[in-house]
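Enquirer: I'd like to ask you about the structure that follows.
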Amino acid sequence: MLKDIFTKKKKYASVPSEQAKHDVPEGIMTKCPKCKKIMLTKELDKNLRVCMNCGHHFPMNAKQRIEILLDENSFEEFNQGMISENPLGFPGYLEKIEKDREKTSQNEAVVTGKGTISGFPAVIAIMDSTFRMGSMGSVVGEKITLAIEKAKEEKVPFIIFTASGGARMQEGVLSLMQMAKTSSALKLFSEEQGLIISVMTHPTTGGVSASFASLGDYNFAEPGALIGFAGRRIIEQTIGEKLPEDFQTAEFLLKHGQLDAVIHRNDMKDKLAFLLDMHQTGGEHEWLQD
Ligand SMILES: [Zn+2]
């Protein structure tokens, strides 16, 4: 008797969820974490993954960003096949890398290459937080360094979109070394009058925020991006004070002089094109007003 009741219940409970699966296939709807509105993923993608209701900027992977920023078919990728080793023999590291390679169809947490933005050439590096939280290991540092060197060689600007949880702990000090290596490459590029534009996206933290992300001639960010070195809780515990609500947001950093502008994703391509034009030809376009 009891057994029958449980069986019946189970069967009944499974019907609506099966039905729901057919009605709303996974990924077709997306809920905004800020305003909680549920919207069609297709519509959200069309709006450059910016919430139509509240303007929240959803994370983008490298492929999506290349599509919205660079002129069609202009992107030529560098060092696509470069993959991580496990220099410290960290248990389970290579398995985790392999899993993310399958998930993202990318070999690492940064995609580098060259292309044109509204006709202006640039070398571009785009970090991807969907791969190991965009953490910076030896391959990420090496690919970024090689991209900077390529920009220097071809005498074109270098643009980087950052998104990172910081240094990759599984590579220990080799990961930290990438901060110095990328910073040195930027310095050498800068000495030859190379133009560096950094755009910090959510989140840009740890060793990435403390190296190349903050070394642009222009340092920009997307609205609402979390940008900082150590986490809020650690700082609060250390200084024994409560930090402001908007601490470590792009808007807070702009207010305190650490950023040159916070740029809405819809305006990003035009504003980058404006700067590339200005530096290349002394173009006469107007900087778009917010
Ligand atoms: Zn929203």
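Enquirer: Do any helices (runs of 4 or more DSSP H) lying entirely in region 180-290 carry at least 1 residues that are open to solvent by less than 60 Å² (accessible area, probe 1.4 Å), closer than 17 Å to I160 by Cβ and not hydrophobic (A, V, I, L, M, F, W, C), and which ones are they? Walk me through it before giving the result.
Expert: On the way: elements: 206-209, 232-239, 250-255, 265-281.
The qualifying helices (runs of 4 or more DSSP H) are 206-209, 265-281.
Enquirer: For F78, are the conditions met, namely being within 14 Å of V139 (Cβ to Cβ) and either open to solvent by less than 50 Å² (accessible area, probe 1.4 Å) or not polar (S, T, N, Q) (or both)?
Expert: Judged against the criteria, F78 is a match.
Enquirer: When region 30-42 is examined, which residues are found to be within 13 Å of the ligand (Cβ to nearest atom) and open to solvent by 80 Å² or more (accessible area, probe 1.4 Å)?
Expert: Answer for region 30-42, where residues must be within 13 Å of the ligand (Cβ to nearest atom) and open to solvent by 80 Å² or more (accessible area, probe 1.4 Å): K31, K34, K36, K37, I38.
Enquirer: Filter region 128-145 down to the residues that are at positive phi and touching a strand residue (DSSP E or B) at 6+ places or on another chain (Cβ under 9 Å), then identify the one that is most open to solvent (accessible area, probe 1.4 Å).
Expert: If we take residues in region 128-145 being at positive phi and touching a strand residue (DSSP E or B) at 6+ places or on another chain (Cβ under 9 Å), then M133 is most open to solvent (accessible area, probe 1.4 Å).
Enquirer: Within region 43-59, count every residue that is open to solvent by 70 Å² or more (accessible area, probe 1.4 Å) and near the ligand (Cβ under 10 Å from one of its atoms).
Expert: 2
Enquirer: Name, by its number, the condition in (1) more than 16 Å from the ligand (Cβ to nearest atom); (2) more than 21 Å from T205 (Cβ to Cβ); (3) within 19 Å of the chain's Cα centre (by Cα) that does not hold for V110.
Expert: Of the numbered conditions (1) more than 16 Å from the ligand (Cβ to nearest atom); (2) more than 21 Å from T205 (Cβ to Cβ); (3) within 19 Å of the chain's Cα centre (by Cα), the odd one out for V110 is (2).
Enquirer: Follow-up question, since we're still on this one. I need the full set of residues from region 124-147 which are in contact (Cβ under 8 Å) with a residue 60 or more places away in the chain, outside any strand (DSSP E or B) and under 28 Å from A273 (Cβ atoms), in order please.
Expert: Hits for region 124-147 are D128, S129, T130, G134, K143, I144, L146, A147.
Enquirer: Does N73 count as closer than 25 Å to F158 by Cα, without any contact (Cβ under 8 Å) to a residue 12 or more places away in the chain and either of a type in the set (S, T, N, Q) or within 16 Å of the ligand (Cβ to nearest atom) (or both)?
Expert: On the way: closer than 25 Å to F158 by Cα: yes; without any contact (Cβ under 8 Å) to a residue 12 or more places away in the chain: yes; either of a type in the set (S, T, N, Q) or within 16 Å of the ligand (Cβ to nearest atom) (or both): yes.
The answer is yes for N73.
Enquirer: Which condition number does A230 fail, the rest of (1) more than 20 Å from the chain's Cα centre (by Cα); (2) at pLDDT below 95; (3) not aromatic (F, W, Y) being met?
Expert: Failing condition for A230: (1).
Enquirer: Looking only at region 151-179, filter to residues that are in contact (Cβ under 8 Å) with a residue 12 or more places away in the chain and more than 27 Å from L226 (Cβ to Cβ); which one of those is most open to solvent (accessible area, probe 1.4 Å)?
Expert: K155
Enquirer: Can you find a residue in region 88-101 that is assigned to a helix (DSSP H, G or I) and surrounded by 20 or more Cβ atoms within 10 Å (Cβ to Cβ)?
Expert: yes
Enquirer: From the list A163, A125, which one is more than 14 Å from G113 (Cβ to Cβ), in contact with a strand residue (DSSP E or B) (Cβ under 7 Å, 6 or more places away or on another chain) and aliphatic (A, V, I, L, M)?
Expert: A163
The values are calculated or read from the model by the stated rules, or taken from the named source; none is laboratory data. In this text, all values refer to a predicted model and were calculated from it rather than measured experimentally. Cβ sites come from the backbone with ideal geometry, for glycine too, and all protein chains shown count toward neighbours. Keep in mind that these areas ignore ligands, DNA and RNA; they rest on the heavy atoms of the full protein, side chains included. Shrake-Rupley method; radii C 1.70, N 1.55, O 1.52, S 1.80 Å.
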